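Since the structure comes first, as structure tokens, the remarks are kept for the end.
The values are calculated or read from the model by the stated rules, or taken from the named source; none is laboratory data. None of the values given here were measured: they were computed from a predicted structure. Positions of Cβ are backbone-derived with ideal geometry, glycine not excepted, and every protein chain shown enters the neighbour counts.
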Ligand code: ADP
């Protein structure tokens, strides 16, 4: 894929959980570092999945990241020497992230964004769809459906081992939650 290096642009990596978004984000950011580009990475403080200071993929690769809760905090860390800005789990930020990403690209940065395109209900997730719309490049990855081995584009949410209902709250106190990659056929969202 043609990647201009003389002006800013937005690159987005989306897909369900386990599709390799973090892995791909880390791979691209590491290659930018090899090219001696100044790279800075952010993730929402809500996502402390493995480590507060790193973006970590399910297969164990990682890169240093700064945890922030307000998208505008990114401006405090990015200066004229920054070439590449990475953002993981973008779906958890509020809509202010859209303008921050656009502004950074307008200022000449390569902005590399990864996140879930759909929530557990199979609906567009937070700011991700709008970022996809204004991006130069979008890669939609798939995982493997745990039920049939087909490409999986959806994230199955399980509560105490059973498919989460459409109306279930995003945070359920006292329940054991887990997530699986599933295809359209095997994705279950009981009403
Ligand atoms: P994401 O950021 O999209 O959640 P990661 O980059 O963290 O994905 O993890 C991708 C890795 O997850 C794969 O390389 C593979 O080792 C592992 N994995 C576990 N379950 C699955 C699955 N059902 N389909 C594909 N990969 C899976």
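Residue 165 meets the conditions (1) touching a helix residue (DSSP H, G or I) at 6+ places or on another chain (Cβ under 7 Å); (2) away from the ligand (no atom under 11 Å from the Cβ) in every case but one. The failed one is (1).
To keep it simple, each residue is scored yes or no on (1) assigned to a strand (DSSP E or B); (2) crowded, with 19+ Cβ neighbours inside 10 Å; (3) out of contact with any strand residue (DSSP E or B) (no Cβ under 6 Å at 6 or more places or on another chain).
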site: 85; (1), (2), (3): yes, yes, no
site: 102; (1), (2), (3): no, no, yes
site: 105; (1), (2), (3): no, yes, no
site: 168; (1), (2), (3): no, no, yes
site: 179; (1), (2), (3): yes, no, no
site: 184; (1), (2), (3): no, no, yes
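Residue count for segment 96-108 satisfying the condition of being over 17 Å from residue 67 (Cα atoms) and in contact with a helix residue (DSSP H, G or I) (Cβ under 9 Å, 6 or more places away or on another chain): 6.
Residue 28 - would you say it is within 16 Å of the ligand (Cβ to nearest atom), out of contact with any helix residue (DSSP H, G or I) (no Cβ under 7 Å at 6 or more places or on another chain) and more than 29 Å from residue 163 (Cβ to Cβ)? So residue 28 passes the test. The number of residues in segment 133-154 that are within 9 Å of the ligand (Cβ to nearest atom), part of a strand (DSSP E or B) and crowded, with 17+ Cβ neighbours inside 10 Å comes to 2.
Please find, within segment 49-69, the residue that is modelled with the highest pLDDT out of those that are more than 14 Å from the chain's Cα centre (by Cα) and assigned to a loop (DSSP other than H, G, I, E, B). It comes out as 69. With the requirement that a residue be assigned to a loop (DSSP other than H, G, I, E, B), in contact with a strand residue (DSSP E or B) (Cβ under 6 Å, 6 or more places away or on another chain) and surrounded by 22 or more Cβ atoms within 10 Å (Cβ to Cβ), what does segment 110-132 give you? Within segment 110-132, 117, 120 meet the criteria.
Considering (1) within 13 Å of the ligand (Cβ to nearest atom); (2) surrounded by fewer than 14 Cβ atoms within 10 Å (Cβ to Cβ), the lone condition that residue 91 does not fulfil carries the number (2).
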